[in-house]
Amino acid sequence: MRIWANHAHVFPQELREEGSLDNLLLYMDSCEIEGCVAFAPLARQVRELGLDPTVWLAKAVKRRPDRIIAFGTIDLGGSSFKSQVKKIHDLGMRGIKIHPPGQRTAILADALLEVYAEAEKRELFISFHTGPHRSRLASLRVLDFDEIALRFPRLRFSLEHVGGYAGLREAVGVIQNNEHRPHTRGVGTVFAGLTTVFHPRWREYYLSPMMLEELVYRIGEDHIIFGLDFPYNDVNETKEAIKIINHLNISTAAKEKILGEVLHAQIAL
C-alpha cells in the first residue's frame, strides 16, 4: 500500500538531531512510507540560529523533492503576514502549519485572518494543531474552525488530532458542516488529521479502534488524513498506528485513502 503521511516536525540538525530531515527519511524507510509533509520550525524555535525557518526548510527539502513536501510557518512576531504567505507559495511549498498554543495566538486573531485570506487565494493547505496543549482553550475553540470555513469557503485545512478527545464531536460537526464546499481539488474543505490518536499514552488525543471506525462512518474516508507527529512518536508507534488502520473494519479502499490518497490529492502538483 502506498503511504503518504502528514505532520512531521523537522529541525536543523544542530538544534534537534532526532528531528533532522535525514532522520525523518530513515524513519520513513523503516515504516515503509513513500512520502511525507514536513513542517518548518516555528520562528521562535530557530531564532538563536538566525534562520528563517521557511527558507531553511525550502532549501533542505530540495535534496528529496520526490519524498518530502514542505509546509511553511508564519512568524507572528514579524510583519506583513500577506507577504509571508506569498513567500511560502513562491518557495514552492504546498501549505502552512499553524500551532495556536505554540505561537501564542487565537485562531480568529486578525493576523491569522489575513493569513487565511492569502492562503485561500494561493490555494495553500493549512494544518492546524487542535486539542489540549496546556494553554488557553478559548484561543482554539473547535467550533470556531467552522467560522474560518464560512469566511474562507475555498480554504482547505486539517484539524490535527481531530480536536483532541474533548473536542472530537465538535470537530466532526465542523467537518460535516463543510463537506459540501467545492474547491479546485474536490469537495469538502475540512479534514480530520489522524495524528497522535493511536496510543493510550497520549490520553488527551487517544481514540480507540472503535472510535476510529465510527469517525470513518460519521465523516467518510474522503476527509481523513494520516499523520506522524515526528519526532514525538517513534518508529514502533508509527508502525503500530499503520497496523491499527489496516485492521479497522472498513474497506480496503477506505484504508488506502486514509493512508495517503486523500493527502496526496490535496497537496500533489
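FYI, it's all coordinate maths here, none of it is from the lab. Only a predicted model underlies this, so the values are computations on that prediction, with no experimental measurement involved. A quick note on method: Cβ atoms are made from the backbone with ideal geometry, for glycine too, and the neighbour counts reach across all protein chains shown.
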Using the number of other C-beta atoms within 10 angstrom as an exposure proxy, rank T130, T105, T184, T73 with the fewest first. T184, T105, T73, T130
At a 10 Å Cβ-Cβ cut-off, how would you order K62, K257, K97, fewest neighbours first? K62, K257, K97
The answer for S158, listing residues at least 5 apart or on another chain whose modeled amide H is closer than 5 Å to its amide H, is I126, S127, F128, F191
If you rank L140, L155, L49, L25 by fewest surrounding Cβ atoms within 10 Å, what's the result? L49, L25, L155, L140
Percent relative contact order for the range 4-267, counting Cα pairs under 8 Å at least six residues apart, stands at 18 percent
Could you give the dipole magnitude of the chain about its Cα centre, charging the beta-carbon of Lys and Arg +1 and that of Asp and Glu -1, in debye to the nearest 20? 500 debye
Over the chain, the sum of -39500 (n - 2.57) across DSSP H runs of at least four, divided by residue number and rounded to 500 deg cm²/dmol, gives at 222 nm -10500 deg cm²/dmol
For the chain, count all C-alpha to C-alpha pairs, find those more than 30 Å apart, and express that count as a whole percent of the total. 21 percent
Net charge around H7, counting only other residues with Cβ within less than 9 Å of its Cβ (Lys, Arg = +1; Asp, Glu = -1)? -1
Net charge of Cβ neighbours under 11 Å - reference I242; Lys, Arg +1; Asp, Glu -1: 0
When the chain is modelled as a GNM with alpha-carbon springs shorter than 10 Å, which of M210, M28, M93 fluctuates the most? M210
